[in-house]
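I have placed the structure first, in the form of structure tokens, so that the comments after it can refer back to it.
The values are calculated or read from the model by the stated rules, or taken from the named source; none is laboratory data. Model, not experiment: these values are computed from the prediction. Cβ placement follows ideal geometry from the backbone for every residue including glycine, while neighbour counts extend to all protein chains displayed. The area values use the complete protein model at the heavy-atom level, side chains included, leaving out ligands, DNA and RNA. Shrake-Rupley method; radii C 1.70, N 1.55, O 1.52, S 1.80 Å.
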There are 2 protein chains.
Amino acid sequence: MRNKVSLKDIAQKVGVSTAAVSYALNKEKEGKVSDEMAAKIRATAKELNYQPNQIAKSLKIGRTNTLGLIIADVSNPFFATIARVVEDEAKAHGYTVVFGSSDEKAERSWDLINVLANRQVDGLIIAPSEASEDQILYLKEQKIPFVLIDRYYPDIPSSFVVLDNYKAAYDAVFHLIENGRKRVGMLAYKTNLYHMQERKRGYQEALQAAELPVGKSLLKEVKHDDTKNGVKAAIDAMLASPEGLDALFFATNTLAIHGLKYIDSLNLKVPTDLAIVSFDEGEAFDFYYCPLTHIKQPVDEIGKEAVQLLLDQMSSSNGRIGQIHFEPELIIRQSSGA
Amino acid sequence: MRNKVSLKDIAQKVGVSTAAVSYALNKEKEGKVSDEMAAKIRATAKELNYQPNQIAKSLKIGRTNTLGLIIADVSNPFFATIARVVEDEAKAHGYTVVFGSSDEKAERSWDLINVLANRQVDGLIIAPSEASEDQILYLKEQKIPFVLIDRYYPDIPSSFVVLDNYKAAYDAVFHLIENGRKRVGMLAYKTNLYHMQERKRGYQEALQAAELPVGKSLLKEVKHDDTKNGVKAAIDAMLASPEGLDALFFATNTLAIHGLKYIDSLNLKVPTDLAIVSFDEGEAFDFYYCPLTHIKQPVDEIGKEAVQLLLDQMSSSNGRIGQIHFEPELIIRQSSGA
């Protein structure tokens, strides 16, 4: 896209500022540098074969292929990493990605779909927020190519790339039980989104398989817009339950970060006082005193497959649907007391 | 934007899938549910006052006000947080934000400017990458409103919101010297970008002010595309210098994360073996065994002021320029040995 010789190259060669070069080359503004200097700058530009119009031309006529990406929250490292992978993979196929966060709100997601679809992106990758079924159906009706990531709606046929969230949670909780824990709590988000329902189902069925009681006292749900306080209240409530708590499964990395900070503040030791399994990795965990057992999502593959499925769909005439479930991997380290 | 009654509300009331509601309300596809059920669904939709065309109408005619944001790297928490603040602040003013990462590459930044400007965003907020002076001058010539964040070009007059990076580095290094450190290294990125030049200048002048030698052996520059290995090699080289190393100033949070992991792997203790000051906060540091002394950037204010300056510029007829330098704050904790 960019021409080889930049204004800066000319500026450095002549020994003036980049702005001076711009003034000299842009004749309307010629008065801002001396005639002598302007002549010298223009001669240097010619000598270096500077092509000033190339950039503006590509900006005006070159239609860049564009994909839109709607994630839940850019400040969540899981989504930020996915976004980065999608950008890199799309770039490798000649596409530029623009994205935004829905903040788990259907209204914001509509705004983004509106902005991106109105501005003719070639396709969309979406981590759908709660109550956004209408939006997905709208995209289908409008035949706008899209691929869902992280979450999907089982009763709306569409392309998606997701983790087997049921298995992920089942494996995590079963692992804690195998290591002798009998009072395993789960901290989840309060949402109807399918991925979270599946994680809760995995937790419950692992307890059932071990013939442990499945009650509401150890499965706590926190609201998205009050995570920090919600996590504290939930952990307090679990610790106060008559039979106590000896292990905790966090359904997301954000819940784990808030939860571990609170557990540390209570001087509870991991894994002696509480065994821990978390969902997702994150730089935050690398420095935690007790290396965390966690469910690893194949973030690179999720991002790459989503781009691939979207490109396939865009190039097919019959609205081809692809659905990919990735197997979770339980990375066993010290926090689960194994 | 969204109508109050959704397809899902109707689906739940009737006890069918959302897709069935969509089929029933979309007469072209009526054959997919029974006539009886379709009638029931339509009656329920009417009862609930569902307005199916409202969404599609707003998508087609409603021009959503849009801002574009170009950051260096979405997977860097500093930029992810800025992006989130910009989104929230823009939303409060009725604007939707779409963004992308330049990956510190001028070519990618051009692609994004191309995509965003071609698709008529109302204005841009940009963390400019190296060698992108041409792009900034282009935006000025095209009279596309923009505000730079984090970095700027001193010889191109433009609106920006930045930290006083010179003072930030000076204060950090002076603090280490005040605490008795005499061999203070700095780990920086190899780039001509002004913010990094200023951080290096602050480091050097703090050493000079304390009459400590300023050589190249303790100021190491790492390449963006090989951070991890570059950090290891730089730390090895500093430790191997004849006079040794007793303190280290990291010019960014990413450099600090890689650097601390490597220091830990060498079994060097912070702050006894090495005193540390880092740039920026990050969740990663919250769990580090030794709380980090760091330079705090007012991320919220930077994001908010950038949106405000951009909106001011968009509403003024004379290309008004606003330039804001924020004062850094040195947060003193244990890692600097104070």
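Worth pointing out:
- J(HN,Hα) series, the stretch B:247-262, from Karplus relation 6.51 cos²θ - 1.76 cosθ + 1.60, nearest Hz, glycine and proline x: 7, 9, 10, 8, 7, 8, 5, 5, 4, 5, 4, 5, x, 5, 4, 6
- Across the stretch A:165-297, Cα-Cα pairs farther apart than 21 Å form 32% of the total.
- If only the Cβ of Lys and Arg carry +1 and only the Cβ of Asp and Glu carry -1, the dipole of chain B around its Cα centre is close to 1320 debye.
- Candidates A:VAL222, A:LEU187, A:ALA39 compared by Cα position along the dipole of chain A: farthest toward the positive end lies A:ALA39, with charges placed on Cβ.
- Starting from the label point of A:LYS296 at 7 Å along Cα→Cβ, the same points in the other copies fall at 3.6 nm, in ascending order.
- Estimated buried accessible area (total), pair A and B, 1.4 Å, Å² to nearest 100: 6600 Å²
- Counting charges near A:LEU310 (Lys, Arg +1; Asp, Glu -1) among other residues having Cβ under 12 Å from its Cβ returns a value of -2.
- Partner lysines for A:LYS200 [C-alpha distance under 18 Å; skip if fewer than 8 residues away on the same chain]: A:LYS167, A:LYS182, A:LYS190, A:LYS216, A:LYS220, A:LYS223, A:LYS296
- Charge sum, other residues only, whose C-beta stays under 9 Å from B:LYS91's C-beta, Lys/Arg counted +1 and Asp/Glu -1: -4
- Pseudo-label separations to other copies for A:SER34 - Cα-to-Cβ vector, 7 Å, nm: 9.3
- Amide H to amide H distances under 5 Å link A:VAL161 with A:LEU148, A:ILE149, A:ASP150, A:ILE324, where only residues 5 or more positions off or on other chains count and H is placed in the peptide plane.
- Summing charges over all other residues whose Cβ lies under 12 Å from the Cβ of A:LYS220, with Lys and Arg as +1 and Asp and Glu as -1, gives +3.
- Residue-normalised accessible area of the stretch A:192-338, given per residue in Å² at a 1.4 Å probe: 46 Å²
- Mean per-residue shielding of peptide A:133-143 is 5, counting Cβ atoms of other chains within 10 Å of each Cβ.
- Karplus-derived 3J(HN,Hα) values for the stretch A:193-208, using 6.51 cos²θ - 1.76 cosθ + 1.60 with θ = phi - 60°, are 4, 4, 4, 6, 4, 5, 5, 5, 5, x, 4, 5, 6, 5, 5, 4 Hz; glycine and proline are entered as x.
- Axis of helix A:165-178 versus longest Cα principal axis of chain A: the two differ by about 50°, to the nearest ten degrees.
- For B:105-116, mean number of other protein chain Cβ atoms within 10 Å: 6
- Residues with amide H under 5 Å from that of B:VAL5, placed H, sequence gap 5 or more: B:GLN51
- Applying the Karplus relation 6.51 cos²θ - 1.76 cosθ + 1.60 with θ = phi - 60° to the stretch B:125-140 yields 3J(HN,Hα) values of 10, 9, 9, x, 8, 4, 6, 10, 4, 4, 5, 5, 5, 4, 4, 5 Hz, where x marks Gly and Pro.
- Normalised by 2.2 N^0.38 Å, where N counts its residues, the alpha-carbon radius of gyration of the protein assembly as shown equals 1.05.
- Between B:SER17, B:SER109, B:SER278, the GNM of chain B built on Cα springs shorter than 10 angstrom shows B:SER17 fluctuating the most.
- Within the listed set B:ALA251, B:ALA233, B:ALA106, the residue fluctuating most in the Gaussian network model of chain B (springs between alpha-carbon atoms under 10 angstrom) is B:ALA233.
- Shortest-first distances to equivalent copies, position B:GLY180, nm, label 7 Å out along Cβ: 4.5
- Relative intensity, log₁₀ I(q)/I(0), of chain A from a Debye sum that treats every alpha carbon as a point, q = 0.06, 0.12, 0.13, 0.15 Å⁻¹: -0.33, -0.86, -0.94, -1.13
- Between the helical axis of B:106-118 and the longest alpha-carbon principal axis of chain B there is an angle of about 30 degrees.
- Calculated mean residue ellipticity, 222 nm, the protein assembly as shown: -14000 deg cm²/dmol, from DSSP H runs (n ≥ 4) at -39500 (n - 2.57) each, averaged per residue and rounded to 500.
- Each of A:VAL98, A:GLY282, B:ILE149 was scored by the projection of its Cα onto the charge dipole of the protein assembly as shown, and the greatest displacement toward the positive side belongs to A:VAL98; charges sit on the C-beta of Lys, Arg, Asp and Glu.
- The ellipsoid equivalent to the alpha-carbon distribution of the stretch B:103-175 has semi-axes of 27, 13, 10 angstrom, derived from the gyration tensor eigenvalues as √(5λ) and listed largest first.
- With all protein chains in place and a 1.4 Å probe, the accessible surface of chain A carries 47 percent carbon and sulfur.
- Interatomic Cα distance distribution for the stretch B:99-237, bins of 5 angstrom, percent: 2, 9, 17, 18, 16, 13, 10, 8, 5, 2, 1, 0
- Within straight-line cross-link reach of A:LYS143, lysines at Cα separation under 25 Å, skipping those fewer than 8 residues along the same chain: A:LYS91, A:LYS105, A:LYS304, B:LYS4, B:LYS8, B:LYS27, B:LYS29, B:LYS32, B:LYS57, B:LYS60
- Once exposed loop GluC sites (Glu not before Pro) are cut out (DSSP; at most 13 other Cβ, 10 Å), longest piece of chain B: B:1-210
- Here the stretch B:229-338 is treated as an ellipsoid with the same Cα gyration tensor; its semi-axes, largest first and in whole Å, are 37, 15, 12.
- A DSSP coil position with no more than 13 other Cβ atoms inside 10 Å describes the following chymotrypsin sites (Phe, Trp or Tyr not before Pro) in the stretch B:223-303: B:TYR289.
- Sparse-neighbourhood loop sites, trypsin sites (Lys or Arg not before Pro) in the stretch B:124-179 - DSSP loop, at most 11 other Cβ within 10 angstrom: B:LYS143
- Mean partner shielding of peptide B:16-22, defined as the number of other chain Cβ atoms within 10 Å of each residue Cβ, is 5.
- Listed residues B:GLN308, B:GLN197, B:GLN142, most fluctuating in chain B (Gaussian network, C-alpha, under 10 Å): B:GLN142
- Of the trypsin sites (Lys or Arg not before Pro) found in the stretch B:229-338, those that fall in a DSSP loop while having at most 13 other beta-carbon atoms within 10 Å are B:LYS269, B:ARG320.
- Under 5 Å, built H, 5+ apart or other chain: amide partners of B:ALA275: B:ALA247, B:LEU248
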